[in-house]
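Here is the structure we will look at, set down as structure tokens.
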Amino acid sequence: MADYLVTGVAGFIGSRVTEMLLDQGDAVIGFDDLNAATDVRIKEWRLSRLQGRPGFEFRRGDLCDRDAVDAVVRQRRLAAVIHLAARAGVRPSVLDPWTYVNTNVTGTLNLLDACVRHDIGKVVFASSSSVYGAEAPAPCPETAPADRPLSPYAATKVAGEALCRSYHALRHLDISMLRYFTVYGPAGRPDMAPFRFVQWICEGRPVTVYGDGKQTRDFTYVDDVARGTIAALRPVGCEAINLGSHGPVPLMDALHWIEEFAGRSANIVWEPPHPADVPATFASIEKAERVLGWRPTTEAHEGLRRLVEWYLENRDWAATIDTR
């Protein structure tokens with residue numbers, strides 16, 4: 001049994017990682033500010049599945065508060081910190097880049113510094129496929145350039161990785177930097193296309209599609225990502241590692257599958273492409289296989305079916321979640 005700190009514990013990936021750690025008998029301190037960047041009710045739903053479980057302790061706090069971060073890191077002897085808290089989302093970051101920089105850059109610096117001061121040697125850092133920008137090769141290896149981010153969100157993840165590399169070089173932290181590719185699944189982020197499409201189709205609302213719908217995404221099921229995140233607790237030095245499905249899906253294919261599972265047709269409203277959106281994501285996962293012994297196991301068709309099932313089971317409140 002080991003003790004871990006998971007930041008962003010009420011988030012989509014953080015809550016599932018925590019569930020898996022508790023299932024294997026580990027103890028977790030969960031840290032989250034429960035901000036309203038996305039509808040807080042879905043965060044409370046995720047958190048409710050953790051509270052009361054043996055080995056789980058919740059601490060509410062803000063990554064930008066150095067004292068709060070220091071207090072939670074020093075609370076007990078931690079085997080590692082799994083840093084998943086972040087302001088996420090490409091389009092909102094265009095409107096409010098300052099909040100993204102504060103949380104994703106300054107917050108990450110606060111956490112890395114606290115790990116050094118309290119002798120925590122291992123950090124798993126949540127990065128993003130968005131660091132590769134618009135000109136990524138397909139499939140995209142970790143050696144592809146990550147210096148032309150299209151959005152402030154992507155830029156903050158590039159900056160977070162740079163901080164991780166500097167703390168490895170200067171302070172010898174062992175850091176796994178995981179570049180997640182379009183994570184989806186039950187209780188997923190309501191600002192992302194899979195949740196939005198499910199809600200909008202099931203409730204008969206207009207379905208906004210940006211561009212021509214031919215853009216592709218490497219949809220990666222949340223359980224696969226959580227397994228990969230836990231596998232990344234092993235020593236790696238300081239490495240960027242893709243976690244993706246290695247099977248990109250056109251956006252319209254995903255939409256049509258959701259129509260099939262929901263038993264309803266989409267009322268599509270077409271909008272121009274958003275300049276901060278990349279046309280395609282496609283992960284090379286050879287490094288994850290070699291370094292972490294990890295492969296995804298859930299196809300997008302099956303994962304989207306599970307998402308629709310979850311939504312219909314929780315429709316009484318999920319229908320009112322803000323998906324703007």
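Condition test on residue 44, is it on the phi < 0 side of the Ramachandran plot and part of a strand (DSSP E or B)? It would help to see each step written out before you state the result.
On the way: on the phi < 0 side of the Ramachandran plot: yes; part of a strand (DSSP E or B): no.
For residue 44, the condition - on the phi < 0 side of the Ramachandran plot and part of a strand (DSSP E or B) - is not met.
Among the residues of region 217-256, which ones are buried (at least 24 other Cβ atoms within 10 Å of the Cβ) and of a type in the set (Asp, Glu)?
218
Restricting attention to region 198-231, which residues are over 25 Å from residue 133 (Cβ atoms) and of a type outside the set (D, E, K, R)? Full working, then the answer.
Looking only at region 198-231, we keep the residues that are over 25 Å from residue 133 (Cβ atoms), and these are 198-207, 223, 226-227, 230-231.
Result: 198, 199, 200, 201, 202, 204, 206, 207, 226, 230, 231.
Which is in contact with a helix residue (DSSP H, G or I) (Cβ under 6 Å, 6 or more places away or on another chain) and either open to solvent by 30 Å² or more (accessible area, probe 1.4 Å) or not in a loop (DSSP other than H, G, I, E, B) (or both), of 36, 71, 86? Break it down stepwise before answering.
Numbers: 36 fails: in contact with a helix residue (DSSP H, G or I) (Cβ under 6 Å, 6 or more places away or on another chain); 71 fails: in contact with a helix residue (DSSP H, G or I) (Cβ under 6 Å, 6 or more places away or on another chain).
Answer to the selection: 86.
Using the structure shown, decide if residue 153 is open to solvent by 10 Å² or more (accessible area, probe 1.4 Å), aromatic (Phe, Trp, Tyr) and within 13 Å of the chain's Cα centre (by Cα).
Working: open to solvent by 10 Å² or more (accessible area, probe 1.4 Å): yes; aromatic (Phe, Trp, Tyr): yes; within 13 Å of the chain's Cα centre (by Cα): yes.
Answer is yes for this residue.
All but one of (1) open to solvent by 80 Å² or more (accessible area, probe 1.4 Å); (2) under 28 Å from residue 203 (Cα atoms) hold for residue 290; state the number of the condition that does not hold.
So residue 290 meets the others, but not (2).
If only one of 276, 283, 262 is farther than 18 Å from residue 215 by Cα and surrounded by 17 or more Cβ atoms within 10 Å (Cβ to Cβ), which one is it? Even if it seems obvious, please write down each step before you answer.
Working: 276 fails: farther than 18 Å from residue 215 by Cα; 283 fails: farther than 18 Å from residue 215 by Cα.
One residue alone meets the criteria, 262.
Would it be correct to say that residue 146 is more than 13 Å from the chain's Cα centre (by Cα) and either open to solvent by 30 Å² or more (accessible area, probe 1.4 Å) or acidic (Asp, Glu) (or both)?
Details: more than 13 Å from the chain's Cα centre (by Cα): yes; either open to solvent by 30 Å² or more (accessible area, probe 1.4 Å) or acidic (Asp, Glu) (or both): no.
No; evaluated as a whole, the condition is false for this residue.
Test each condition in (1) of a type in the set (A, V, I, L, M); (2) within 26 Å of residue 29 (Cα to Cα); (3) assigned to a loop (DSSP other than H, G, I, E, B); (4) open to solvent by 10 Å² or more (accessible area, probe 1.4 Å) for residue 105 and report the one that comes out false.
The failed condition is (3).
List pairs: first in region 215-242 and among the basic types (Lys, Arg), second in a loop (DSSP other than H, G, I, E, B), Cβ under 6 Å, 6+ apart or cross-chain?
From region 215-242, the pairs are 217/182; 217/281.
Would you check which residues across region 198-216 are open to solvent by less than 10 Å² (accessible area, probe 1.4 Å) and in contact with a strand residue (DSSP E or B) (Cβ under 8 Å, 6 or more places away or on another chain) and list them? Lay out the reasoning, then the answer.
Step one: list which residues in region 198-216 are open to solvent by less than 10 Å² (accessible area, probe 1.4 Å), which gives 198-199, 201-202, 207, 209, 213.
Those that are open to solvent by less than 10 Å² (accessible area, probe 1.4 Å) and in contact with a strand residue (DSSP E or B) (Cβ under 8 Å, 6 or more places away or on another chain): 201, 207, 209, 213.
Restricting the search to region 119-138, which residues are surrounded by fewer than 16 Cβ atoms within 10 Å (Cβ to Cβ) and either among the aromatic types (Phe, Trp, Tyr) or within 23 Å of residue 77 (Cβ to Cβ) (or both)? Can you show your working first?
Within region 119-138, the subset surrounded by fewer than 16 Cβ atoms within 10 Å (Cβ to Cβ) is 119, 134-135, 137-138.
119 - this is the single residue of region 119-138 that is surrounded by fewer than 16 Cβ atoms within 10 Å (Cβ to Cβ) and either among the aromatic types (Phe, Trp, Tyr) or within 23 Å of residue 77 (Cβ to Cβ) (or both).
Kindly evaluate residue 60 against the criterion of being open to solvent by 30 Å² or more (accessible area, probe 1.4 Å) and at negative phi.
Yes.
What are the residue pairs meeting all of these: first residue in region 166-192, first residue within 17 Å of residue 9 (Cβ to Cβ) and open to solvent by less than 30 Å² (accessible area, probe 1.4 Å), second residue part of a loop (DSSP other than H, G, I, E, B) and among the small types (Gly, Ala, Ser), Cβ atoms under 7 Å, and 6 or more apart or on different chains?
Note: pairs meeting the criteria are 178/232.
What is the residue count in region 293-306 for residues that are open to solvent by 70 Å² or more (accessible area, probe 1.4 Å), among the charged types (D, E, K, R) and part of a helix (DSSP H, G or I)? Walk me through it before giving the result.
Residues of region 293-306 that are open to solvent by 70 Å² or more (accessible area, probe 1.4 Å), as a first pass: 295, 297, 299, 301, 305-306.
Then drop every residue that is not among the charged types (D, E, K, R), which leaves 295, 299, 305-306.
Checking which are part of a helix (DSSP H, G or I) leaves us with 305-306.
Matching residues across region 293-306 total 2.
For residues in region 136-163 being part of a loop (DSSP other than H, G, I, E, B) and of a type in the set (S, T, N, Q), which is farthest from residue 244 (Cα to Cα)? Walk me through it before giving the result.
Restricting attention to region 136-163, the residues satisfying the condition of being part of a loop (DSSP other than H, G, I, E, B) are 136-139, 141-151.
In the following step, the residues that additionally are of a type in the set (S, T, N, Q) were identified as 143, 151.
Details: 143: 15, 151: 20 Å.
Of everything passing the filter in region 136-163, 151 is farthest from residue 244 (Cα to Cα).
Can you tell me which of 50, 63 is farther than 27 Å from residue 235 by Cα and either among the hydrophobic types (A, V, I, L, M, F, W, C) or touching a strand residue (DSSP E or B) at 6+ places or on another chain (Cβ under 9 Å) (or both)?
Only one candidate qualifies: 50.
The values are calculated or read from the model by the stated rules, or taken from the named source; none is laboratory data. All figures in this text were calculated on a predicted structure; none of them were measured in a lab. All Cβ positions, glycine included, derive from the backbone under ideal geometry; neighbour counts span all protein chains shown. The area values use the complete protein model at the heavy-atom level, side chains included, leaving out ligands, DNA and RNA. Shrake-Rupley method; radii C 1.70, N 1.55, O 1.52, S 1.80 Å.
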